[in-house]
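Enquirer: Just dropping this structure here.
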Amino acid sequence: MKLPGLDRLGTVGMVGERKAISLLCLGFYTTLFFMIGLSARTELPEWLPVFIGMTLIYIIAFMSVAAEWFWGRWFATGLGYWGMTMAVMAFVTTRSLPTPMIVFGVMHGLISLCLMGEKMAVAFDAKPAWREKWKLDEQGVIRVRRSVTRMASSLPALIMFALAPREGSDAFGVAVFDCSALALLAVGVFAMGGLLLTLRTWSVMALGAVGVVTLAKWTAVPSMLWSAHSYLDPAALPGAGFAFYLQGPFAGVMLIAAALPFLGPMTRFLVRGRR
């Protein structure tokens, strides 16, 4: 995925420096969400699963870029797109843009920007070994890139949609979680792992199915919103002020979009098989 006006970045060198900037941003938010999670243990325990999930996402992104896994820059780029989208959502839903949210959007924009370009691709997806392993031509690589990037954009939103506590609590005062949303998260994460590790058809179909069900669930039960802590104090989380329930449709749309690049080849395969 290329952003308009940034094609020249493909000729820019400084690959090591740009990679270091991306790692710096990813490491910062890995540490930040980890520290917020530690604080949430006593202050907002019902939000602890969300912060643990977010920490794990950034750890995966950090390691994939540092280790130069072939999908690493795609995954981190998708995470960067999600961060920039959250900054836009924050402005639209609150009609304000506090400094922490500006920093959040800018730093995620840096992650995506610094990982762009053909010279950066040489260190990641341009390596021939993985292409030969999966027997992919250039069009196949493009499809995988689009799918992984969109999938990575959906993952934080899916985690927030599934793990954020709903209103009320059980008999023991424990925050209520939506079991069906948790099941969607489990299937989605399993499908994402299948796409990254095996590039199997079932993983693409599962991603699309999770996206459709997530959209349907969000549309059908809009009243099952979050607990009283939906709008966190700005000091507690950079990004406070935006509505967490918007993560549902965003996750659904991006998961469906992640499956779309393979829709054409899968359809052509089925048509040929019936002849």
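Enquirer: Sort 181-192, 51-62, 95-106 by the packing proxy (mean of other Cβ within 10 Å over each peptide's residues), most packed first.
Expert: Working: 181-192: 18.8, 51-62: 20.3, 95-106: 15.2.
Output ranking for 181-192, 51-62, 95-106: 51-62, 181-192, 95-106.
Enquirer: Still on this structure, please answer the following. Between Arg200 and Arg95, what is the label-to-label distance in nm when each label sits 7 Å out along the Cα-to-Cβ direction?
Expert: 5.1 nm
Enquirer: Moving on to the next point. When Trp130, Trp47, Trp71 are ordered from fewest to most other Cβ atoms inside 10 Å of their Cβ, what list results?
Expert: Numbers: Trp130 17, Trp47 26, Trp71 22.
Final ranking by Cβ density, sparse to dense: Trp130, Trp71, Trp47.
Enquirer: Report Rg(Cα)/(2.2 N^0.38 Å) for segment 18-142, keeping two decimals. Walk me through the numbers before you get to the answer.
Expert: On the way: Rg = 16.6 Å, N = 125, 2.2 N^0.38 = 13.8 Å.
Normalised Cα radius of gyration, segment 18-142: 1.20.
We did not get these values from a lab; they are worked out from the coordinates using the rules stated. Computed from a predicted structure; not experimentally measured. With ideal geometry, Cβ positions are generated from the backbone for all residues, glycine too; neighbour counts draw on all protein chains shown.
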